[in-house]
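Undergrad: Before anything else, here's the structure in question.
The values are calculated or read from the model by the stated rules, or taken from the named source; none is laboratory data. On a predicted model such as this, the values are computed, not experimentally measured, just so you know. Because the Cβ atoms are built from the backbone with ideal geometry, glycine has one as well, and the counts that use them run over all protein chains shown. These accessible areas exclude ligands, DNA and RNA; they are computed on the full protein's heavy atoms, side chains included. Shrake-Rupley method; radii C 1.70, N 1.55, O 1.52, S 1.80 Å.
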Amino acid sequence: MPASSRSAKDFFAPLAVGAPAPVREVPARPSRAIHFFDPSNPKMAAKIPDMVGTVDVLLGNLEDAVKADNKVAAREGLVKIAQDTDFGPTQLWTRINSLDSPWVLDDLTTLVPAIGDKLDVIMVPKVQGAEDIHYVDRLLAQLEAKAGLDRPILVHAILETARGVANVEEICGASPRMQGLSLGPADLAADRRMKTTRVGGGHPGYLVRQDPPVDELGIAHIDGPRSIFQQDLWHYTIARMVDACAMHGIYPYYGPFGDITDVVAAEDQFRNAFLLGCVGTWSLHPKQIAIANRVFSPSPDDIAHARRVVAAMGDGTGAVMLDGKMEDDASLKQCLVMVELAEQLAAIDPELKKQYDALDADTTGQEA
Ligand code: GLV
Ligand code: MG
């Protein structure tokens, strides 16, 4: 892999004369659910204004799931929705077509001049390596300069090719525009030639089995009762994605969970991603928004505990015992991650704020 010859000093210089200065830190805006809608579908489009404020991110999808014949209608529909809607606290993202498609150039050259001031993040599918981000980075700078935009549009890559996974660290570090990564389990499964036929989630065939019971003569009965435990097909990729994102100060997300009816398994998959470090997920149906908002917000119980640890740890060094468990500088840091996230979420979610505020009353006077 050739090392880039770009000087570190130039990394934050705009890539076109007159383009806005790149951000030095990705703003930590809540994005628990990224709700996908098809802007070419008039019924879905009509619902968007009413969804403002009910979800952290609304994403106008132009790529897969939009029929080839509807690509232009989707692009034009998104322009219209964006121009006619005040998004208030809700972010507006889009997923453009893939870089090897006949549509992507028109996606970018239409959207940036028309609604670049409203678009927070552009999601780029099927990213293979840093070169894909560099292409989008320069083009966006040129279009932003031409449109006179005063803040850069951020870029989010979908991790959905084997080469993309192999290059995940360089993708995350390819531009100051990089906001985050999402797992794309459907395309990734196809690209890796996995033998699944689902959009995200587990598979009953991917399991480990308990050893066979052994009788008093020492004979193993392979047909005897044996527990099986389904394993998570996505653990490796999500864990790699989380590390690459953390290394570059950007945000990891679970992606689509296609079985809309199985709200239980969706919640499990989202929670695993949250516990591993993801900040949000996609929502393909309004049902999934509520699940994501719940799962990607620290529970009041966790926050109560985290606040107790913060209070008990004083200057943040040393060790204390709480309920028979040792807490120290490192467990304090974990608790601070949760407390900071809770504060960010409470600032935009009044219901959650109430739940967290109620804890203050409960914990006042509690002994460390
Ligand atoms: C999402 O785009 C996926 O392919 O899973
Ligand atoms: Mg995909």
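Undergrad: Return the percentage of antiparallel bridges among DSSP beta bridges fully within the chain, rounded to the nearest 5 %. The partial results should precede the final answer.
TA: Numbers: 8 of 37 bridges.
About 20 percent, rounded to the nearest 5.
Undergrad: Also: Angle, helix 104-115 long axis vs. longest principal axis of the chain, Cα atoms, 0 to 90°, nearest 10?
TA: Approximately 80 degrees, to the nearest ten.
Undergrad: With each run of n ≥ 4 DSSP H residues scored as -39500 (n - 2.57), what mean residue ellipticity at 222 nm is computed for the chain after dividing by its residue count and rounding to the nearest 500 deg cm²/dmol? Please list the in-between numbers first.
TA: Details: 13 runs with 155 residues, N = 368.
Helix-only estimate at 222 nm: -13000 deg cm²/dmol.
Undergrad: Counting Lys and Arg as +1 and Asp and Glu as -1, what is the net charge of the other residues whose Cβ lies under 9 Å from the Cβ of Glu160?
TA: Neighbour charge sum, excluding Glu160 itself: -1.
Undergrad: Measuring with a 1.4 Å probe in the full set of protein chains, what accessible area per residue, in whole Å², belongs to the stretch 301-367?
TA: 63
Undergrad: Taking Cα atoms, how many degrees apart are the long axis of helix 263-276 and the longest axis of the chain, rounded to 10 and kept between 0 and 90?
TA: Computed tilt is about 90 degrees.
Undergrad: Taking all protein chains in place and a 1.4 Å probe, what share, in percent, of the accessible surface of the stretch 1-90 do carbon and sulfur account for? Display every interim value, and only then the final one.
TA: Details: 2800 of 5020 Å².
The computed percentage sits at 56.
Undergrad: Run the 1.4 Å probe and let me know the accessible area of His134, rounded to the nearest 10 Å².
TA: 90
Undergrad: Next question. Excluding Arg29 itself, calculate the net charge of residues whose Cβ lies under 10 Å from the Cβ of Arg29, where each Lys or Arg counts +1 and each Asp or Glu counts -1.
TA: On the way: positive: none; negative: Asp56, Asp120.
Residues close to Arg29 contribute a combined charge of -2.
Undergrad: Further question on the same structure: Once the dipole of the stretch 150-212 is set up with Lys and Arg at +1 and Asp and Glu at -1 on Cβ about the Cα centre, which of Ala157, Leu181, Gly202 lies farthest towards its positive end?
TA: Gly202
Undergrad: Rounded to a whole number, what % of the accessible area of the stretch 301-367 do carbon and sulfur atoms account for, probe 1.4 Å?
TA: On the way: 2310 of 4210 Å².
Ligands and nucleic acids excluded, carbon and sulfur give 55 percent.
Undergrad: Same structure, new question: Quick one: net charge around Ala19, please, counting Lys, Arg +1 and Asp, Glu -1 for every other residue with C-beta under 12 Å from its C-beta. Spell out each step's value before the answer.
TA: Numbers: positive: Arg138, Lys146, Arg151, Arg177; negative: Asp137, Glu144, Asp150.
Residues near Ala19 contribute +1 overall.
Undergrad: Additional query: For Cα pairs less than 8 Å apart in space and 6+ apart in sequence, what is the mean separation divided by the residue count of the stretch 241-308, i.e. the relative contact order in percent?
TA: Values: 67 pairs, mean separation 21.7, N = 68.
With pairs under 8 Å counted, the relative contact order is 32 percent.
Undergrad: Here is a further query. Excluding ligands, DNA and RNA, what is the solvent-accessible area per residue of the stretch 87-224 at a probe of 1.4 Å, expressed in Å²? Walk me through the numbers before you get to the answer.
TA: Working: 5960 Å² over 138 residues.
On a per-residue basis, the stretch 87-224 sits at 43 Å².
Undergrad: Could you work out the relative contact order of the chain, using alpha carbon pairs under 8 angstrom and six or more residues apart, expressed as a whole percent? Don't skip to the answer; put the middle values down first.
TA: On the way: 639 pairs, mean separation 52.7, N = 368.
So the answer I get is 14 percent.
Undergrad: Considering only protein heavy atoms, with the full assembly of protein chains and a 1.4 angstrom probe, order Phe11, Phe229 by accessible area, largest first. If you can, show how the numbers build up before the last one.
TA: Details: Phe11 60, Phe229 115 Å².
Result of the area sort, largest leading: Phe229, Phe11.
Undergrad: Continuing with this model, one more query. Give me the percent of the accessible area of the stretch 144-287 that comes from carbon and sulfur atoms, probe 1.4 Å, all protein chains in place.
TA: Details: 3870 of 7030 Å².
That share works out to 55 percent.
Undergrad: Let me ask something additional. Which entries in Lys80/Lys118; Lys9/Lys126; Lys67/Lys118; Lys43/Lys287 show an alpha-carbon gap greater than 19 Å? Can you show the working numbers first?
TA: Numbers: Lys80/Lys118 12 Å; Lys9/Lys126 30 Å; Lys67/Lys118 25 Å; Lys43/Lys287 17 Å.
Those over the limit are Lys9/Lys126; Lys67/Lys118.
Undergrad: Sorted by accessible area with a 1.4 angstrom probe, largest first, how do Tyr253, Tyr206 fall?
TA: On the way: Tyr253 0, Tyr206 105 Å².
Ranked list, largest accessible area first: Tyr206, Tyr253.
Undergrad: Over the chain, one equal point on each Cα, no solvent: what is log10 I(q)/I(0) by the Debye formula at q = 0.10, 0.13, 0.14 Å⁻¹?
TA: Values returned for q = 0.10, 0.13, 0.14 Å⁻¹ are -0.71, -1.10, -1.23.
Undergrad: At a temperature of 4 °C and a viscosity of 1.567 mPa s, determine how fast the stretch 195-287 diffuses translationally according to Stokes-Einstein, using the Kirkwood radius over alpha-carbon pairs as Rh; express D in µm²/s, rounded to the nearest whole number. Can you show the working numbers first?
TA: Values: Rh = 15.6 Å.
In µm²/s, the coefficient rounds to 83.
Undergrad: On a 0 to 90° scale, report how tilted helix 130-147 is relative to the longest principal axis of the chain, with both axes built from alpha carbons and the result rounded to the nearest 10.
TA: Compared with the principal axis, the helix lies near 50 degrees.
Undergrad: Tell me the Kirkwood radius of the stretch 301-367: reciprocal of the mean inverse pair distance over distinct alpha-carbon atoms, in Å.
TA: Details: mean 1/r = 0.0804 Å⁻¹.
By the Kirkwood definition, the hydrodynamic radius is 12.4 Å.
Undergrad: For the stretch 301-367, what does the relative contact order come out to in percent, with C-alpha contacts under 8 Å and a separation of six or more?
TA: Values: 53 pairs, mean separation 20.0, N = 67.
The normalised contact order for the stretch 301-367 reaches 30 percent.
Undergrad: Separate question: Enter the Cα centre distance for the pair the stretch 240-303 and the stretch 48-106, rounded to the nearest angstrom.
TA: 21
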